[in-house]
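The values are calculated or read from the model by the stated rules, or taken from the named source; none is laboratory data. Here the structure is a predicted model, which means the values were calculated and not measured. Quick reminder, even Gly has a Cβ in these numbers, built from the backbone with ideal geometry, and neighbours come from all protein chains shown.
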């Protein structure tokens, strides 16, 4: 595997993996075949890598939902860093102050996640990251 070879040869000093949704739903995002096992293998390699590792997820409505976050959280349990960001729907004009209701200002219950990183806070029943990670 390409990633394993790079890690073994110590050619990587920082590793970031974008997790689009739960592995079982990746086929919905691609027109060709998706190797779910290769994704899971890469995640497992990253979790044991001797370098700084960051997982990233952009919470896109309809693609990343609570079950997907739960699956991802279980898959990367123990990871030192998981950055989640929310999306802002495209609008012809965003009036001043509109962003405040699109990205929650209130921190999650643990205070570990910034509002833009914690898509489940702000009256949604708590931080989705804290619930599933």
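Quick one: residue 68 ticks every box in (1) under 13 Å from the mean Cα position of the chain (by Cα); (2) modelled with pLDDT under 90 except a single one, so which number is it?
Exception for residue 68: condition (2).
For the stretch 1-38, give me each residue that is assigned to a helix (DSSP H, G or I), touching a helix residue (DSSP H, G or I) at 6+ places or on another chain (Cβ under 8 Å), surrounded by fewer than 16 Cβ atoms within 10 Å (Cβ to Cβ) and in contact (Cβ under 8 Å) with a residue 24 or more places away in the chain.
If the condition is that a residue be assigned to a helix (DSSP H, G or I), touching a helix residue (DSSP H, G or I) at 6+ places or on another chain (Cβ under 8 Å), surrounded by fewer than 16 Cβ atoms within 10 Å (Cβ to Cβ) and in contact (Cβ under 8 Å) with a residue 24 or more places away in the chain, then 4, 24 are the ones that fit.
Looking at the stretch 39-50, can you tell me whether even one residue there is in contact (Cβ under 8 Å) with a residue 60 or more places away in the chain and either more than 11 Å from the chain's Cα centre (by Cα) or surrounded by fewer than 12 Cβ atoms within 10 Å (Cβ to Cβ) (or both)?
No, the stretch 39-50 contains no residue that is in contact (Cβ under 8 Å) with a residue 60 or more places away in the chain and either more than 11 Å from the chain's Cα centre (by Cα) or surrounded by fewer than 12 Cβ atoms within 10 Å (Cβ to Cβ) (or both).
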